[in-house]
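Bear in mind that the values in this text are calculations on the coordinates, not laboratory data. This structure is a prediction, so every number in the text was calculated from the model and none was measured. Glycine also receives a Cβ, built like all others from the backbone with ideal geometry; neighbour counts cover every protein chain displayed.
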Amino acid sequence: MLLVSASLWSCVNPQQVELLEREQRRLRGDMNTLRSDVDNFRATLADTRANIQQMQRDLSAIKERIDETRVQVGRQIGQTNRDGDQRVKDMETRLAKLEEDAKSQAELLKSREEELKQVRESMQQQAAQKAETESNYVDLSLAESDNVRKDFETGWRAFEKKDYRTAIARFKDFLKRNPKSKLAPNAQYSIGESHFGLKEFDRAIVEFDEVRRRYPQSDKVGAALLRQPSGRSAKSRFRRATSRIESSASRADGAHCYSRRSRFSLCR
């Protein structure tokens with residue numbers, strides 16, 4: 001039986017490695033594209049800021065000219081009253097237009113900053129996906145013995161079936177029996193992933209941090225650090241969705257429990 005398992009593993013392992021390498025190349029290409037987009041956005045933002053600064057200088061100069069014109073008009077009320085008033089009106093009109101342009105440029109700058117924020121979040125998601133892809137590969141040849149490998153596989157099979165509660169229990173038992181095994185970092189990381197799959201994001205963040213604390217030299221540390229921001233982001237999205245569902249349910253209950261044509265409650 002062991003010989004059959006070993007032969008099957010030797011056949012499957014190269015295919016998994018090839019799939020991971022292709023996925024990594026695709027993700028690197030996506031990351032390079034995103035970095036290029038970020039650089040373009042930064043250049044555009046710099047130009048927009050420069051335009052706004054120039055407009056602010058123009059506004060200051062126009063205000064000074066308006067003040068000077070008003071003083072001159074006051075001195076020449078007898079002869080140039082109409083001309084002076086017209087010049088002031090024209091400058092005020094121009095000033096109002098420039099203020100509107102400055103406002104629109106500020107709104108454009110804000111929208112560009114939002115786009116840049118979305119690109120950054122997308123880059124973080126891409127990095128998290130890369131980490132998740134790499135974390136799905138476990139080299140069972142690291143096991144010190146057949147018993148250690150089989151002990152780890154009991155938890156791994158439950159994890160692959162998305163039976164996360166069972167996987168957590170079995171991986172914790174594995175860590176108790178084999179705390180210094182080379183597969184221990186993988187077991188600890190899989191506990192964090194199992195909590196993530198159960199939407200227990202606070203616990204997942206803690207378990208991912210345990211990888212860094214207990215096994216600082218492990219290859220799983222980088223993947224665990226990348227998964228922690230994903231856990232915080234998913235937790236925030238989950239809370240917002242739950243809040244919207246509860247709010248909708250509350251409004252629906254209110255609509256069903258009271259009638260506009262009756263003084264009595266329809267629900268108890």
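Going by average Cβ neighbours within 10 Å, how do the peptides 15-28, 170-183 rank, with the highest at the top?
On the way: 15-28: 12.2, 170-183: 17.3.
Per-residue Cβ counts within 10 Å, averaged per peptide and sorted highest first, yield 170-183, 15-28.
Quick check: net charge around GLN76, other residues with Cβ under 15 Å of its Cβ, Lys/Arg +1 and Asp/Glu -1? Before the final figure, lay out the partial values.
Values: positive: ARG70, ARG75, ARG82, ARG87; negative: GLU68, ASP83, ASP85.
Taking every Cβ under 15 Å from that of GLN76, the sum is +1.
Only sites in a loop by DSSP and with at most 14 other Cβ atoms within 10 Å count here; which GluC sites (Glu not before Pro) in region 134-228 make the cut? The partial results should precede the final answer.
Working: sites: GLU134, GLU144, GLU153, GLU160, GLU193, GLU200, GLU207, GLU210; in loops: GLU144, GLU200.
Here the GluC sites (Glu not before Pro) that fit, given the DSSP loop and packing criteria, are GLU144.
For ALA167, neighbours were defined as the other residues whose beta-carbon sits under 14 Å from its Cβ, and their charges (Lys and Arg +1, Asp and Glu -1) total -1.
Taking label positions 7 Å along the Cα-Cβ direction at both ALA61 and ASN40, the computed distance is 3.3 nm, reported to one decimal.
Calculate the FRET efficiency for LYS150 and ASP173 from the Cβ-Cβ distance with a Förster distance of 22 Å, rounded to the nearest 0.05.
Values: r = 13 Å, r/R0 = 0.57.
E between LYS150 and ASP173, to the nearest 0.05, is 0.95.
In nm, what is the difference between 0.36 nm times the number of residues separating ARG70 and LYS97 and their Cα-Cα distance?
On the way: separation 27, 0.36 × 27 = 9.72 nm, distance 1.99 nm.
7.7 nm is the gain from fully extending ARG70 to LYS97.
Given the C-alpha centroids of region 56-98 and region 175-212, what is the distance between them in whole angstrom? Computed from Cα coordinates, the inter-centre distance equals 71 Å.
Applying 1/(1 + (r/R0)^6) with r as the Cβ-Cβ distance of GLU21 and SER111 and R0 = 45 angstrom yields a FRET efficiency of 0.70.
If contacts are Cα pairs under 8 angstrom and at least 6 residues apart, what is the relative contact order of region 21-135 in percent? It would help to have the intermediate numbers written out before the result.
Values: 45 pairs, mean separation 53.7, N = 115.
Relative contact order of region 21-135: 47 percent.
Kirkwood Rh over alpha-carbon pairs of region 21-135, then Stokes-Einstein at 37 °C and 0.692 mPa s: what D in µm² s⁻¹, rounded to an integer?
On the way: Rh = 18.1 Å.
Estimated diffusion coefficient is 181 µm²/s.
Segment MET31..ASP219, full-extension length gain: 65.6 nm, with 0.36 nm per residue of separation and the alpha-carbon distance subtracted. Counting charges near PRO216 (Lys, Arg +1; Asp, Glu -1) among other residues having Cβ under 15 Å from its Cβ returns a value of +3.
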